[in-house]
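Read through the structure below, which is laid out as structure tokens, and then see the notes.
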Amino acid sequence: YLYNALGLMTTDSAPEQSLEYFKQAAKWKPSVAAMENVAMAAMKVGEFGLAEAQYLQCLKEEPSFDAYTNLSSLYFESQQFDKGEAIMTEAIEAGFTETLPFKMRCFFRLQTGNIAGARADFDQAMALHGRNPNAQPDPILESLRMQLLTAQSVR
């Protein structure tokens, strides 16, 4: 408990120290939550390899939508777009078929030049978004639409 509390208290003021505290907490009481804390702190200080290893272990032990999206965010931050596409594909195949995984994979596919795949993901995200009778305009979908139009006109 003490290491987690220290990790939380130093997250902004001393991120490197926060990471060390979270590592100690995970060592003393291993859990998915502890691994997530280590991964978040590692991302904050730019230790993407450590963060990736922690998130992958979280997925192995307890697959969840959050674990997939956290890993996707890591790949976005580290500009590993091919890995981002792969992890979103894995999430979709695992049954996480909400709008967000399709939007995220669409973005990654745009970055890797897979325009046809990006278009398919965009269409799927739009269809899912349209099923909600109370859906508000989605600025992310609009941004993806513009990126697709630009990418298609360049081809």
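Every number in this text was worked out from the coordinates using simple rules, so none of it is lab data. Just so it is clear, the model here is predicted, and its values are computed rather than measured. With ideal geometry, Cβ positions are generated from the backbone for all residues, glycine too; neighbour counts draw on all protein chains shown.
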| said: Give the residue list of GluC sites (Glu not before Pro) in the range 93-155 that are DSSP loop and have at most 15 other beta-carbon atoms within 10 angstrom. | reply: E98
| task | For the range 1-78, run through the chymotrypsin sites (Phe, Trp or Tyr not before Pro) and keep only the ones in DSSP coil with at most 15 other Cβ atoms within 10 Å of their Cβ. | result | Y1
| For the chain, size of Cβ-based charge dipole, Lys and Arg +1, Asp and Glu -1, in debye | 220 debye
| task | With +1 on each Lys and Arg Cβ and -1 on each Asp and Glu Cβ, and nothing else charged, work out how big the dipole of the range 50-138 is about its Cα centre, in Debye to the nearest 20. | result | 280 debye
| field | Label of the coordinate-derived value, P(r) over Cα pairs in 5 Å bins from 0, in percent, listed as (i) 2, 10, 20, 23, 21, 15, 8, 3, 0; (ii) 2, 9, 16, 21, 23, 17, 8, 3, 1, 0; (iii) 2, 10, 17, 16, 16, 12, 11, 8, 6, 2, 0, 0 | value | (iii)
| remark: In the neighbourhood of M126 defined by beta carbon distances under 14 Å, the net charge of the other residues (Lys, Arg +1; Asp, Glu -1) is 0
| Relative contact order for the range 1-95: what is it in percent, counting Cα pairs under 8 Å that are at least 6 residues apart? | 17 percent
| query | Per-residue ellipticity at 222 nm for the chain, helices alone: DSSP H runs ≥ 4 residues times -39500 (n - 2.57), over residue total, nearest 500 deg cm²/dmol? | reply | -25000 deg cm²/dmol
| field | 10 Å beta-carbon shell around M43, net charge (K/R +1, D/E -1) | value | -2
| query | So between E90 and N134, what do we pick up on full extension, going 0.36 nm a residue minus the alpha carbon distance? | reply | 12.9 nm
